[in-house]
Structures are given as C-alpha cells and as structure tokens.
Amino acid sequence: MRAFFFFALLVCGGLTAVGQQFPSEKFHTGSVTLNDGTELKGRIKYDLTADVILVIETGKSNVTTLSANQFQYFSIDGGKGKAMRFFYAVPVVNQTGYRRPKIFELIHQGGVSLIAREYIATRSRSSSNRSSFRRSMYDPFYGPGNQIVTFSYLAYELWLIDENANLTEVGNTKNDVIRAFPDQHSELRKFIKRERLRVDKLVDLTKVVAHYNELKNL
C-alpha cells in the first residue's frame, strides 16, 4: 500500500492536540446524490474504512447510514477558505473477483483523474531523535529522556482512474509514479526533472497528472 502524507497531528500518551480533529471524525455541511438521482442536503460524516457515510438531513435529527452502493457521489464543505470536496462511489474488483463500490475523493479531474482514499495512520518514535519529527507541523510533546512519542497523521492512498473506470495505484517514488501512467513515460520524466517536482507532494503530483492529460490532448 502506497501513501502520501499531507498532514501530521501529534499524539503523546494517548492525548491529542487540543481542539484538533481529523476530517473523518466530524460532520460537514454538504449533499449526497443517491443512485436514483435524489439529492439529500444536510450534514455528512464519512467513514472510508467501512465505505459508508452518515447523513443528518436539514431540518431532521435522525442519522441515516448510507453504504457506497447506495449513492453516486457526495460533496462537503472543505472548510474556511477551501474548495468543496467531492467523493465518488467507484466499483473496485475485490479479491474474490466481485465489483464492490468504494469511496474515493476526487483530487484532479481529467481524461486520467487523480483520486484518493484517506486514512489515519500512527507511528511511534523516541523523543530523543528530534530529526524523526521534521515532517510534523509543530512539535509540542518533546520531554527529557528517551520517551516514546506516538503521533497520528492523515495519509492517503492515491490512484489514477481513466474514462473507462480502470484503476491504477500510484506509488511513492518517481519511477512508480511514471509507471502508473499507460504511456508518455519519457515526457513525464523530463517534465518532473524540468519543473523540479517532488512526487511525494500532492500539489506536484497533481501537476504531473495535469501535464499527462495535456500531452494526450495534443
């Protein structure tokens, strides 16, 4: 499983930073479009591990649980100053050969689109090794001695999907990323080098996907 890390939230001794929540741990204003085209508006909480969403419709108090095979897509408010986030139910062939819808977030749309599945990951490090936390946004939990510090962070599995709904998982090295595309490998390698892109950064990976679609449209 490949993952790119966009956000780090430190946890120490079982205590998370005050006031911090991961996106999947709270309700968001949004709407969901069911398979029959019906749109439900209200507040939405998603669980990508179980591939379900919880919906509280506007003006109601009861919670409705919808699995990925009951809706086409849903959108939620990305937060202050951020764009709306769109999630789609995409059929995925499981180990038994059956197609089962799973929830993916749309990151970049095109002939080949970039989609993602987020999850909360955890790691433990010795607090004496300060360099191991350079990925984090802040570091409030260091103490004297060789304490074990556990931190949780938001991680993503990234995939490419074409217009025929064919999925290809994206790796976390430059060669893995380039091989995820069906062609244009040489041009993509030149583009990454010329633009000094890092494929472990979402914004740079999005540029690679956009450039590939431009090449296919020439």
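Please work out how much length the chain gains when fully extended from residue 62 to residue 179, using 0.36 nm per residue of separation minus the C-alpha to C-alpha distance, in nm with one decimal. Numbers along the way, then the final one.
Working: separation 117, 0.36 × 117 = 42.12 nm, distance 4.67 nm.
That pair, residue 62 and residue 179, stretches by 37.5 nm at full extension.
With each label point set 7 Å from Cα along the Cα-Cβ vector, what nm distance links residue 189 and residue 162? About 2.1 nm separates the two model spin labels.
Taking R0 as 22 Å, what's the FRET efficiency between residue 213 and residue 73 from their Cβ-Cβ distance, rounded to 0.05?
Details: r = 21 Å, r/R0 = 0.94.
After rounding, the FRET efficiency stands at 0.60.
Taking label positions 7 Å along the Cα-Cβ direction at both residue 84 and residue 109, the computed distance is 0.9 nm, reported to one decimal.
Once the other residues with Cβ under 13 Å from the Cβ of residue 213 are scored (Lys, Arg +1; Asp, Glu -1), what is the net sum? Before the final figure, lay out the partial values.
Working: positive: 207, 216; negative: 162, 163, 183, 187, 214.
In short, -3.
Annotation: amide H of residue 71 within the under-5 Å range of 35, sequence separation 5 or more or interchain, hydrogens built in the peptide plane.
All of the numbers you see were taken from the coordinates with simple rules; none came from a lab. Owing to the predicted nature of the structure, the values given are computational and were not obtained by experimental measurement. Quick reminder, even Gly has a Cβ in these numbers, built from the backbone with ideal geometry, and neighbours come from all protein chains shown.
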